[in-house]
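Each value in this text was obtained by applying a stated rule to the coordinates, not by laboratory testing. Fair warning: this is a prediction, and the values are worked out from it, not measured in the lab. Heads up, the Cβs are rebuilt from the backbone with ideal geometry, glycines too, and the neighbour counts pull from every protein chain shown.
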Amino acid sequence: MTRTKRSNARPIVRFTPTLLATSLLLAFHSASAQQAPTDNAIAKASEEPAPPAVVVLGSRSTARTALDSAAPVGLIGQKDMQMAGPLELGKLLQTLDPSFNFSSTFISDGTDIIRPATLRSLGPDQILVLVNGKRRHQQALVNVQQTIGRGSAGTDINAIPMGAVQRIEVLRDGAAAQYGSDAIAGVINIVLKQQTADYQLSATAGGTSEGGGELYSASANKGWAIGDGGYVNFTLEGRHRGETNRAGVDTLRVDPPRVTQRIGDSEARDKYFWWNASLPTSKDSEFYVFGGVSHRSGDSAGFFRPSGDGRNVPAVYPNGFLPNIITTVKDQSLAAGWRTDLGDEWKLDLSLNHGRSELDFHERNTINVSYWYEPKPGGGIYADSPLEADTGKLKFRQTTFNADLRGPLNLGGTRVSFATGFEWRRDGYAIDAGDPVSYQYGRTNNPAVVIKDQTGGAAASGTQGFPGYTPGTAVDDSRHNTAFYIDLEHNLTPQLLAGAAIRHERYSDFGSTTTGKLSLRFDPSREFGVRGTLSTGFRAPSVQQKFYSSVSTNLNAAGVLTETLTAREGSAVTKAFGIPNLKEEKSKSASIGMILRPMPNFSLTADLWRIDIDDRIVFSSNIAPESGACATAAACPIKSILDPLKVGQAQFFTNAIDTRTNGLDIVAEHTTRMQGSTLVLSGQLGFNRTTVKDRHSLSPVLTGAQLFDDAQVTLIERGQPRQHHVLAVDYTAGAWNGNVRANYYGEVQGQGFTAPFIQTWEAKWLVDAAIRYAFTPRLSLTAGANNLFNTFPTKWDPVKAAPFPQLGFTYCWETCPFGINGRSYYARLDMSL
């Protein structure tokens, strides 16, 4: 085994922005304290304080408020969602919760429509997403481009419509022992609406000040009461987002120079139908069912092919062409179950949950060069090729059965909250091949046939932009696993709460694992408390990572479009390189925090945390052949493996690195209630730092640094902001409600396309503002602007990042925390009938 060590000498975080943010928060607090009303004024206020909202994440015993939990839990309610601008659930979470990142992507194939969602700067597949407390299925897409979450298949957070959501709980703590694999970074629980009183209607229109990005959205939610305490609730939602293009002029490939790329948000059309229902079956039991169907389509672009490029046919595209990638995301889920009270506070919950995710690819404005230039029997060439084709489908399916039992145990006169359960889950993955023209080399797909392109080189096979999945990459396979858990909580004293959990899981394809968690909460007084957790965790390799393979066109280190083979576990390529089958990631997590409530209207929490992950599953670097002459095969081992495959470079999934992530989360909120008005000041400061401790390889051909090169280390360590802060002011007076929110995104870096030069995109503040007027209690109008001051990321370095600025890449690419659209504006009408 070869190992490459990295230094950990740098400090965990830099606190300069914290001082600014904290100063602002203290200033807000001071100002509000000067305006504090008398007790009599408070008593006369038109709005009574709402009771603290409870959360169910982090504990299976009695529900608690977020401030009373043994682990840090964030809560996003209806008011937060109404006064935030984004209509996509992923962007909304990023705007409101600094631990959540939803990086913007473009020219990244399917990742343009299913963007990577991460928590605490870990991977998209290291978050567990629940809906109504039940596991949500993952997405079919594997992020294989140079983006955040490269090599992962997370959860498609945008497949859930905003109009169906009542609240969102975010557990910022390792919870694999409580909830199972994937919960290394934490858990997000999305709670669906249960309201039965009204027709809730909403319509939004907006755009961007720089052009493009037209936004139109409408949603309707309605519920009906059923029997004694039952309900059924339906949500119908539709949205259209126009494309934005912030590409600069291409000065290298066309004359005269012009814009050749589409760089920005892809066009998207989204449709949703969701439901949530409960039917009482007796006084103490109920049958429940929830789920939804979503259909989303995206229209994005690949890389421009110049007129004289070997991948172009001038007779068809005399000025070159920009391949057009059409993606369709189909998502369905259905969960059904039965809950009952067994007596003496014991409760049983049986449920069956099925979900499916499908991503269809269709290529337009393309061509198969090998079809066009293929020699024709009798002389000449065919001079013909389809200009569009279906390029394949990715499918993921998951079925989960749960049996959960909880209640109090009396152990020697001591009352202990006890929970136990069983889970069976089956995950399946399939790849359907595209149309033959999308992947074939000539009509016979015979590599022995010599086909030359317009430059005299070997003609490229398949459609340009996104070559189709081939019969050789097609797969339909699955695995299953079972799990048992025990969860205990007990107040050792009235002030001291202790909790413990243990979970054992067995997988049909790689074995079993056991994880555990301990938690403590000590409250010597109502005004002060401390909490801490210790846990172990794991993440099984996903079926997407085990079974995915493809051939795609990527830029190599020289900026040249190159065919790249993604080889699956156990393939001839991974065996030739000596890459073993995937095994589970193992993690250790710890957190310690304090809670301050010095007055009824002010709270402050601070939590320090650390997550160590060993054998983290990542996507390897692009493994390219050795350059220069090779006297023998032994002198060029990579070339001798790849050349017979006629592939320019290869990549694969591997347990290649060990990482450590440290962080600090600070959350403060102050509420001032006056005669007829309410002022809420809040601040959330998030710090984190991920370090790649080891790079290791079992390959006799590749070292750890070759298997996972510095560019990929930079993406892991610096691709997500190490600092993300959210400061907000919300003021309500009578029928008016105003909200100003500032998001601070720390600097990010990347070198995936410019190595060894590291491009830095500087830290930025973004300010959102919204004002709402309620004409009646049932009719309101909201107007707002996101990124009010039209802030853009740092531009590419015109010299050191060449040739990308010269190709039209103006702003960021491989990592874009807040996108490149600039200011957007909107108006929303909300009505209840």
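Quick look at the numbers
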| item | result |
| --- | --- |
| Whole-Hz ³J(HN,Hα) from phi, Karplus 6.51 cos²θ - 1.76 cosθ + 1.60, for region 77-86, glycine and proline x | x, 4, 4, 4, 5, 5, 9, 9, x, x |
| Anchor Lys693: aspartates and glutamates whose Cα lies under 17 Å away (excluding residues fewer than 8 positions away in-chain) | Glu585, Asp612, Asp614, Asp615, Asp658, Asp709, Asp710, Glu717 |
| All lysines inside 22 Å of Lys283 as judged from Cα atoms, apart from same-chain residues fewer than 8 positions distant | Lys347 |
| Span from the region 565-644 Cα centroid across to the region 355-395 one, whole angstrom | 34 |
| Longest to shortest principal axis, alpha-carbon extents of region 503-642, angstrom | 76, 39, 25 |
| Potential extension, Ala218-Ser282 segment - 0.36 nm per residue separation minus Cα distance | 19.3 nm |
| Kyte-Doolittle mean at least 0.0 and Cα axial length at least 18 Å: DSSP H helices in the chain | 16-34 |
| Relative packing of 705-714, 773-782, 482-491, 439-448, which averages over residues the other C-beta atoms within 10 Å, highest first | 705-714, 482-491, 439-448, 773-782 |
| Pairs from Lys271/Lys393; Lys395/Lys764; Lys588/Lys764; Lys517/Lys575 whose Cα-Cα separation, in the structure shown, is over 30 Å | Lys395/Lys764; Lys588/Lys764; Lys517/Lys575 |
| Cβ charges +1 (Lys, Arg) and -1 (Asp, Glu), total dipole of the chain, debye | 860 |
| C-alpha center-to-center spacing [region 78-110, region 415-451] in angstrom | 28 |
| Kirkwood Rh in Å, taken over the chain so that all alpha-carbon pairs contribute | 28.2 |
| Residue-averaged [θ]222 nm for the chain, counting only DSSP H segments that reach four residues, each worth -39500 (n - 2.57) | -2500 deg cm²/dmol |
| Burial order of peptide ranges 820-827, 137-144, 724-731, 417-424 (average beta-carbon count within 10 Å, highest first) | 137-144, 724-731, 820-827, 417-424 |
| Hits among lysines - C-alpha to C-alpha of Lys79 under 20 Å, sequence gap 8 or more where chains match | Lys91, Lys193, Lys222 |
